[in-house]
Amino acid sequence: PATVDKIAAGEVVERPASVVKELVENALDADAAEITVEIDAGGIERIRVADDGVGMSEEAVRKAVQQHTTSKLRSLSDLERGVSTLGFRGEALYTIGAVSRLAITTKPRGGETGTTLTLAGGEIEAVEPAGCPEGTAVEVTDLFYNTPARKKYLKRESTEFDHVNTIVTRYALANPGVRFALEHNGREVFSTTGQGDRQATILSIYGREVARGMVPIEEVAEGPLDGMSGYVSDPETTRASSTYISTYVNGRYVRTNTVRTAVVDAYGTQLAPSRYPFAVLDLDVPPESVDVNVHPRKMEVRFGEETAIREQIEETIEGTLLDHGL
Ligand code: ADP
Ligand code: MG
């Protein structure tokens, strides 16, 4: 790809976690029941996402790595303003391929033969028949090997790992019916059962100690939200970071200060300074009360009737804590 493509790709693919996010989304789109994410050195050396989804034919995999929608990739200034994010739909594999070595091994469901396609810096190196299970495994090695300026921005291995862990956790919590596994440097970080139960998923990811400290939301206060469910922790089960507050709006993960503030306020002085509870919250928001286009790539949203929604969430969590004697 031309230099400009590599620069553009470097803007979109910020770090290993952005690769993982795109590959996991593809696996979910492909109807996977099981998704395994393996990373080495925080994903800087290697990322592999394998699924048991619909898979691809040789023809389909050749197409998948092409840039199908050039018209959407407008200019660098668009990218800098962050407005063209949605323009990158249909281009994740192409974009990741431009800044890494990529190998895709795939076999369609019910298909006879599999295919391995390898790319380096966006150029196809080989397309060969492969013996493999149905589904798709995408392996990304040497991320940013051909864009050294980008590579310099990567943080320490452990930091990149934390970002990947956050992403996989987010998708695993949102999809209790899919079996997720995350491995770092050959060691299992967590795996979920895929049995469709939120509480079991929380247990698999955060461990017994945390899961024991979490209680379900059963009653919802009056307000603009059509519904709210999920789990919150007791005031002692906390962390020094708010990343353990996961919010889903109409099934989609979002980042929102409104909800974080509401959660923290609900605990009030019960929470030690600079500590945050665990929370997994599903909000059922009337579509007219939420703007999802504030910053699509960062998944930020803005609520209409913000104060009323914040109060509703705060009251619901206060009530939940009270109901459980916390
Ligand atoms: P998009 O997902 O927006 O279509 P991508 O570049 O991420 O764009 O993927 C391109 C295409 O490759 C997808 O539309 C899909 O047809 C195919 N594909 C990618 N990943 C998978 C997968 N894990 N399983 C099956 N097909 C896939
Ligand atoms: Mg995609």
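The values are calculated or read from the model by the stated rules, or taken from the named source; none is laboratory data. These numbers come from a predicted model, not from an experiment. We place every Cβ from the backbone using ideal geometry, glycine too, and count neighbours over all the protein chains shown.
Assorted remarks:
- Entirely in segment 129-225, the helices (runs of 4 or more DSSP H) that have 1 or more residues that are over 26 Å from His324 (Cβ atoms), more than 16 Å from the chain's Cα centre (by Cα) and touching a residue at least 24 places away in the same chain (Cβ under 8 Å): 148-151, 157-174
- Screening Ser229 on (1) among the hydroxyl-bearing types (Ser, Thr, Tyr); (2) touching a strand residue (DSSP E or B) at 6+ places or on another chain (Cβ under 6 Å); (3) buried (at least 19 other Cβ atoms within 10 Å of the Cβ) shows it passes everything except condition (3).
- Segment 174-200, residues that are of a type in the set (Ser, Thr, Tyr) and more than 11 Å from Val37 (Cα to Cα): Thr192, Thr193
- The conditions of being at pLDDT 95 or above, away from ligand 2 (no atom under 16 Å from the Cβ), surrounded by 15 or more Cβ atoms within 10 Å (Cβ to Cβ) and farther than 22 Å from Phe180 by Cα are met by Glu58.
- Qualifying residue in segment 279-301 (condition: within 16 Å of Tyr231 (Cα to Cα), surrounded by 20 or more Cβ atoms within 10 Å (Cβ to Cβ), of a type in the set (Val, Ile, Thr) and under 24 Å from the mean Cα position of the chain (by Cα)): yes
- Of the residues making up segment 90-128, those that are part of a strand (DSSP E or B) and under 24 Å from the mean Cα position of the chain (by Cα) number 6.
- Only one of the numbered conditions (1) surrounded by fewer than 19 Cβ atoms within 10 Å (Cβ to Cβ); (2) modelled with pLDDT of 95 or more is not met by Arg252, and that is (2).
- Residue in segment 61-105 that is modelled with the lowest pLDDT, counting only those that are away from ligand 2 (no atom under 14 Å from the Cβ) and in contact with a strand residue (DSSP E or B) (Cβ under 7 Å, 6 or more places away or on another chain): Gly82
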